[in-house]
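K.L.:
Before anything else, here's the structure in question.
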């Protein structure tokens, strides 16, 4: 990522090719972006017409080589559009984009609210399983049905939900289980599974941690289980989960098999029973790949979704198979929800929604120290060619201002309903 070096500049000093940053808030000027390269005299005229005074230039990103520094306006007989008209046209486009941004903000708020409610429902379902309750299957089935209703919508992308880190282990487990189910539903949609298999996959992903809930609280975070004796005890959790599900009754046999086998590997070196192909249920491999991604994404040395996804593809594709791993990677895309990105215009964004059709161009929320997160610009990178992803930013490289802007809490994955797609 090229270091930024912004210098104040006056309107009169602006030239075609200058890479500028407008120091005004996004909704206080007619341009669609706060940072851009001046492409023509029209841009300068609009800046002048809008009376923008807080102007900065990054000479390292500027390109004045082919524009020259001498202007000969008397020799240019091309009619120049009225800057007022240009400004009005931009403002019309800006108003439409602003409306889309507000709809996305509203959708994110609604998704966050529904996610919190679903976490609570997931916690109830896992508690009922732990108790061996006969009501567990019905409660779990209702929650899975709601997830599949969202997954049935083709334009329901995996969406990031920001929230405070849960203080209780049971709530953290519920978040992880719900996230696994959302990812599983997205994968199932990609695979074109039947309704029966979609239910089995999503329910198994939701319940895969039922056995973890039976372990001591100190062992429920797999990324922190390092002692050999603890690892051996931990590896029994799939069997503990199946025992509880059987005690509850009402769960499909496929779900019992998937929960039992989701940490088995094709070569037989998985756990808890070292089962190998072809005895492993194909959907257990999908749940296993999702679990591996989640564990890697929470390890201290990674703590980065994109790194965890790369590890899954690079190191575990043979363990869980290309069908499972490739489709998990495709559902999460190259930049999973919650990832921090350095963008080509020098700005910083956080991935809010993935894009199945354009895996390198997600929808991002842009950091802006002049705005609150509720006012921040949200950009669908697939809808603009002016900005692209320059790289992934580890959280440790973020400034305090950026961390405070986006929050340093927990993040979850959800499948929102009634998605508003930006124009």
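K.L.:
Out of all the residues in segment 329-346, is one or more surrounded by fewer than 16 Cβ atoms within 10 Å (Cβ to Cβ), more than 27 Å from residue 119 (Cβ to Cβ) and under 16 Å from the mean Cα position of the chain (by Cα)?
P.N.:
No, every residue in segment 329-346 fails to be surrounded by fewer than 16 Cβ atoms within 10 Å (Cβ to Cβ), more than 27 Å from residue 119 (Cβ to Cβ) and under 16 Å from the mean Cα position of the chain (by Cα).
K.L.:
Name the residues in segment 20-40 that are modelled with pLDDT of 85 or more, out of contact with any helix residue (DSSP H, G or I) (no Cβ under 7 Å at 6 or more places or on another chain) and crowded, with 17+ Cβ neighbours inside 10 Å, would you?
P.N.:
Across segment 20-40, the qualifying residues are 20, 21, 22, 35, 36.
K.L.:
If I ask for residues that are in a strand (DSSP E or B) and over 14 Å from residue 16 (Cβ atoms), which ones from segment 35-61 would you list?
P.N.:
Of everything in segment 35-61, those that are in a strand (DSSP E or B) and over 14 Å from residue 16 (Cβ atoms) turn out to be 35, 55, 56, 58.
K.L.:
So, restricting to helices (runs of 4 or more DSSP H) that lie completely within segment 214-292, which ones have at least 1 residues that are surrounded by fewer than 16 Cβ atoms within 10 Å (Cβ to Cβ) and at pLDDT 95 or above?
P.N.:
Here the list reads 237-248, 253-261.
K.L.:
Shifting gears a bit: Just need a number here: residues in segment 79-125 that are over 19 Å from the mean Cα position of the chain (by Cα) and either in a loop (DSSP other than H, G, I, E, B) or modelled with pLDDT of 90 or more (or both).
P.N.:
So the count comes out to 11.
K.L.:
Find all pairs meeting these conditions: Cβ atoms under 8 angstrom apart; at least six residues apart or on different chains; first residue within segment 319-330 and assigned by TED's automatic domain parsing to the domain that holds residue 187; second residue crowded, with 19+ Cβ neighbours inside 10 Å and not in a helix (DSSP H, G or I).
P.N.:
From segment 319-330, the pairs are 319/265; 319/270; 320/265.
K.L.:
Among the listed residues 156, 133, identify the single one that is under 22 Å from residue 246 (Cβ atoms), assigned by TED's automatic domain parsing to the domain that holds residue 304 and outside any helix (DSSP H, G or I).
P.N.:
After applying the criteria, what remains is 133.
K.L.:
Kindly check whether there is at least one residue in segment 166-180 that is over 17 Å from the mean Cα position of the chain (by Cα), assigned to a helix (DSSP H, G or I) and under 29 Å from residue 384 (Cα atoms).
P.N.:
Within segment 166-180 (the criterion being over 17 Å from the mean Cα position of the chain (by Cα), assigned to a helix (DSSP H, G or I) and under 29 Å from residue 384 (Cα atoms)), the answer is no, since none of the residues qualifies.
K.L.:
Looking at segment 349-365, which of its residues are touching a residue at least 40 places away in the same chain (Cβ under 8 Å) and surrounded by fewer than 22 Cβ atoms within 10 Å (Cβ to Cβ)?
P.N.:
355, 356, listed by residue number.
The values are calculated or read from the model by the stated rules, or taken from the named source; none is laboratory data. What you see is a predicted model, and the numbers here were worked out from it, not measured in a lab. Don't worry about glycine lacking a Cβ; one is built from the backbone with ideal geometry, like all the others, and counts go over all protein chains shown.
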